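Single-structure report; data block below.
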Amino acid sequence: MDHVPDDRPIAAGTPAGQARARPWPGYVKASIAVHAGAAALSAAVPATWPWALGAIAANHLALTAGGLWPRSRWLGENITRLPDAAAARGEIAITIDDGPDPEVTPAVLDLLDVHATKASFFCIASAAARHPALCREIVRRGHSVQNHSDRHSHGFSLLGPKAIRAEIASAQVRLCDITGTPPRFFRAPAGLRNPFLAPVLQALDLRLVSWTRRGFDTQARTAEAVLKRLVHRLAGGDILLLHDGHAGRTADGRPLVLAVLPALLSHAEAAKLHSVTLPAALA
Ligand SMILES: [Zn+2]
C-alpha cells in the first residue's frame with residue numbers, strides 16, 4: 001500500500017470555514033446499508049437474526065480496525081502520498097509533528113535552511129499558544145503550520161463527534177490567530193481515528209493527512225534505525241513523518257530528529273528529491 005496515489009481531485013482555494021460539497025465517505029453508506037439490510041432480513045425471515053447481528057458486529061469491527069490503522073481509507077479520505085504531479089516533480093513532504101518545542105524546533109528550522117528545503121509542521125495548538133513567536137517563525141521561514149489537534153489527547157480516537165469537533169475547531173482558531181493562515185490539513189494524534197472524524201473534517205474544510213512512511217522517532221533508540229525506515233524505497237510523492245515535540249533521544253541525549261535530518265536531507269538530494277510544504281504540493 002506504500003505507493004497508492006491519492007486519486008481524489010483537489011479543490012484548492014476554498015476560503016476557510018466554508019465547507020466543500022464532498023460526498024459522504026463510503027463507510028457511512030456501507031454501514032447504513034449493512035444496518036438496513038440486517039434489519040430487513042431479520043424482519044422478513046426472523047430465523048436469520050443471528051446472521052443479521054453478525055453482519056452488524058462485523059461492520060463495527062471493520063470501522064474500529066479502520067480507525068486503528070493510520071494509513072487506511074476505510075473511514076474516508078486519507079492522504080498518504082502526494083499527487084502524481086508532485087511525485088513527477090521530485091517532490092516529497094517532510095512533516096514534523098507535536099511541536100513547536102522551544103529546544104528542538106529552532107534547530108530543526110536551521111537544518112532545513114541549510115538544505116534550502118521546506119517542511120510542514122503539524123503543531124499542537126496548545127503548544128503553539130505557549131510559543132506563538134516560534135510558531136510564527138516557522139511560517140516566516142517558508143514552512144507551513146497545520147492542525148494536529150488542540151491538546152493531542154491520547155484518548156482522541158475515543159471522543160464523540162462534539163468533543164472531536166471542539167478539539168479540532170479550537171486548534172484551527174488558535175493556529176490561525178497565531179500565524180494568520182488557517183490550516184488546511186489535519187493529522188490525528190498518533191494517527192488514530194474513529195468514524196466521527198471524517199464528517200467533522202468535512203465541516204471544518206480540513207483534509208486528513210497521514211504519511212507514506214514514519215521513522216518511529218519518538219520511540220527509536222538510534223538515528224540509524226529512524227533513517228533506515230525513512231529512506232527505505234524513498235521516492236517522489238512520499239510523505240515522511242518526524243517529531244520535534246515528544247522527540248526521542250539518542251544515547252547521548254540528542255533529539256533524534258536533529259540527528260536524522262542532515263542525513264535524510266542529503267539522501268533526498270542525492271536522489272534528486274526535494275521537500276516542499278503540503279499546501280504547495282497539493283495546490
Ligand atoms: Zn502527534
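Length gained on full extension, ARG233 to ALA280: 14.6 nm, using 0.36 nm per residue less the C-alpha separation. Near THR105, once Lys and Arg are set to +1 and Asp and Glu to -1 for all other residues with Cβ below 13 Å from its Cβ, the sum equals -4.
Projected onto its three principal axes, the C-alpha set of the range 68-126 covers 38, 33, 15 Å, listed from the longest axis down. In a fully extended conformation the segment linking ARG130 and ALA44 would gain 25.0 nm over its present Cα-Cα distance, using 0.36 nm per residue.
Taking label positions 7 Å along the Cα-Cβ direction at both THR64 and HIS267, the computed distance is 3.6 nm, reported to one decimal.
In terms of Cα to Cα distance under 26 Å, which lysines are near enough to LYS29, apart from those fewer than 8 places away along the same chain? Answer for LYS29, where 26 Å is the Cα cut-off: LYS162, listed by chain and number.
In percent, rounded to a whole number, the relative contact order of the range 128-283 is 18, using alpha-carbon pairs under 8 Å and six or more apart.
Diffusion coefficient (Stokes-Einstein, Kirkwood radius over C-alpha pairs, 4 °C, 1.567 mPa s) for the range 171-283: 82 µm²/s, rounded to a whole number. When the Cα convex hull of the range 87-176 is projected onto planes of every orientation, the mean area is 6.8 nm².
Relative contact order, whole percent, for the range 86-151 stands at 36, derived from Cα pairs under 8 Å and 6 or more residues apart. Counting every pair of alpha carbons in the range 90-241, the share spaced more than 21 Å apart comes to 45 percent. Among the DSSP beta bridges whose two residues both lie in the chain, what percent are antiparallel, rounded to the nearest 5? Counting DSSP beta bridges with both partners in the chain, the antiparallel share is about 10 percent.
In straight-distance terms, cross-link reach from LYS228 covers every one of the aspartates and glutamates whose alpha-carbon lies under 13 Å from its own, apart from those fewer than eight places away in the same chain; here that gives ASP217. Dimensions of the chain based on its C-alpha atoms, expressed as ranges along the principal axes with the largest first, amount to 70, 38, 37 Å.
Every number here is computed from the coordinates shown, using simple stated rules; none is lab data. Treat the numbers as computed from the prediction; the structure is a model and nothing was measured. For neighbour counting, all protein chains shown are included, and Cβ atoms are generated from backbone atoms with ideal geometry for every residue, glycine included.
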